[in-house]
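The values are calculated or read from the model by the stated rules, or taken from the named source; none is laboratory data. Model, not experiment: these values are computed from the prediction. In this analysis, Cβ positions are derived from the backbone assuming ideal geometry, glycine residues included, and neighbour counts consider all displayed protein chains. Heavy atoms of the whole protein, side chains included, go into the accessibility calculation; ligands, DNA and RNA do not. Shrake-Rupley method; radii C 1.70, N 1.55, O 1.52, S 1.80 Å.
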Amino acid sequence: MEAITDEHPTVAEGDGKQAGAERPITEPTEPLPPRRSPLAAAVKTARPHEWIKNLLVFAGLLFGGKFGEVDAIIQATVAFIAFCAISSAGYFVNDLNDVELDRRHPKKRFRPIAAGELSEGTAKGLAMVLAAVAIGLAFAINWKVGLMVVGYGVAQLAYSFGLKQVVIIDVMTLAGLFILRVTAGAAAVDAHASEWLILCTGMLAAFLGFTKRRQEAVSELHQGTDTRPVLEHYSLPFLDQMVSLVTTGTVISYAIYTVNSPQIGSQMMLTIPSVVYGIFRYLYLIYDRSDDRSTAAIVAEDKGMIAAGASFALIAFLLLYVFN
């Protein structure tokens with residue numbers, strides 16, 4: 001990591017400006033955090049706060065009416081652990097691949113690998129161990145879940161090494177990862193994953209993906225950085241159109257699912273207000289409050305989002321297991 005000094009080096013100004021013109025390099029003003037231990041650095045790189053996304057694995061358990069079966073709960077929990085391990089392995093690979101770009105970013109430069117707190121060799125070793133554990137656990141459940149976890153890992157690699165630089169395909173890849181979580185969770189407990197629920201999951205993932213791209217585009221615009229090349233192809237008006245489109249798709253697809261819920265039919269419509277509020281609250285935070293936190297942080301820390309998630313889970317549980 002580059003040392004921060006009191007000097008202000010300059011670089012030549014390009015883009016048609018007068019030859020030899022110079023401008024100061026903007027130095028990071030954020031104070032350096034304390035150096036982490038290797039263990040703390042490894043945990044940080046694994047991003048355990050992002051594991052909240054893997055809770056989608058339990059969708060098959062909840063909506064498939066399997067919540068009262070101990071074996072199903074154990075299988076779903078093992079599947080959840082497998083997805084946490086494989087996703088963390090992907091984060092190690094991603095940070096290894098992006099180490100140079102991260103060092104140019106005002107916030108990402110503090111990631112352990114970019115900051116030199118975790119060696120690249122150690123990161124590669126941990127990625128392989130986590131991937132092996134994830135695949136082993138998944139195949140211990142059944143071959144379907146095993147293949148889905150392998151597919152998830154392959155998709156993560158493809159995303160890290162190329163697809164995340166392809167406009168639109170980058171978000172579609174992330175949507176595919178979300179769908180794999182739901183379908184694997186259903187396969188783990190031998191439940192049927194409704195086609196409308198899968199479609200809604202894909203639309204929700206696209207919603208989160210495009211809103212995340214908008215956060216990143218606004219951040220780079222304000223900070224004058226250029227550390228995610230794909231953002232060159234995303235204009236704010238285009239992202240706003242995409243967010244509007246996938247928001248509508250998410251709400252409609254979920255509403256149709258609730259009308260045709262395999263377990264309780266249209267009674268599931270009582271969960272719609274929680275879902276709609278959660279989506280609208282998320283948009284409010286992104287657009288009106290200019291919240292630049294990660295998706296996981298917003299969902300886990302914002303009181304409104306927590307209330308939406310808790311009310312949804314409670315209402316769904318009561319409808320499926322108490323009043324059914």
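Considering each of 124, 144, 108 in turn, give the residue that is out of contact with any strand residue (DSSP E or B) (no Cβ under 7 Å at 6 or more places or on another chain), farther than 20 Å from residue 38 by Cα, open to solvent by 10 Å² or more (accessible area, probe 1.4 Å) and not aliphatic (A, V, I, L, M).
None of the others qualify; the one that does is 144.
Does the stretch 184-192 include one or more residues that are within 16 Å of the chain's Cα centre (by Cα) and modelled with pLDDT of 95 or more?
Within the stretch 184-192 (the criterion being within 16 Å of the chain's Cα centre (by Cα) and modelled with pLDDT of 95 or more), the answer is no, since none of the residues qualifies.
Those residues that are open to solvent by less than 40 Å² (accessible area, probe 1.4 Å) and under 28 Å from the mean Cα position of the chain (by Cα), I need them from the stretch 252-266; list them, please.
253, 254, 255, 257, 258, 261
Go through (1) in a helix (DSSP H, G or I); (2) in contact with a helix residue (DSSP H, G or I) (Cβ under 9 Å, 6 or more places away or on another chain); (3) closer than 30 Å to residue 322 by Cα one by one and return the number of the condition residue 90 breaks.
Result: residue 90 passes all but (3).
In the stretch 42-80, which residues are within 14 Å of the chain's Cα centre (by Cα) and either of a type in the set (Phe, Trp, Tyr) or open to solvent by 50 Å² or more (accessible area, probe 1.4 Å) (or both)?
Selection gives 48, 49, 51, 52, 53, 55.
Taking residue 98, is it surrounded by fewer than 19 Cβ atoms within 10 Å (Cβ to Cβ) and either touching a strand residue (DSSP E or B) at 6+ places or on another chain (Cβ under 6 Å) or among the charged types (D, E, K, R) (or both)?
When the stated conditions are applied, residue 98 does not pass them.
Being open to solvent by 80 Å² or more (accessible area, probe 1.4 Å) and either at pLDDT 90 or above or of a type in the set (Lys, Arg) (or both) is the filter here; which residues of the stretch 291-305 pass it?
Once the filter is applied, which keeps residues that are open to solvent by 80 Å² or more (accessible area, probe 1.4 Å) and either at pLDDT 90 or above or of a type in the set (Lys, Arg) (or both), the stretch 291-305 yields 301, 303.
Scan the stretch 279-290 and give yes if some residue there is under 26 Å from residue 236 (Cβ atoms), surrounded by 17 or more Cβ atoms within 10 Å (Cβ to Cβ) and either over 20 Å from the mean Cα position of the chain (by Cα) or not aliphatic (A, V, I, L, M) (or both), otherwise no.
For the stretch 279-290, residues under 26 Å from residue 236 (Cβ atoms), surrounded by 17 or more Cβ atoms within 10 Å (Cβ to Cβ) and either over 20 Å from the mean Cα position of the chain (by Cα) or not aliphatic (A, V, I, L, M) (or both): present.
Among the residues in the stretch 196-203, are any touching a helix residue (DSSP H, G or I) at 6+ places or on another chain (Cβ under 7 Å), open to solvent by 30 Å² or more (accessible area, probe 1.4 Å) and either of a type in the set (Gly, Ala, Ser) or under 24 Å from residue 89 (Cα atoms) (or both)?
no
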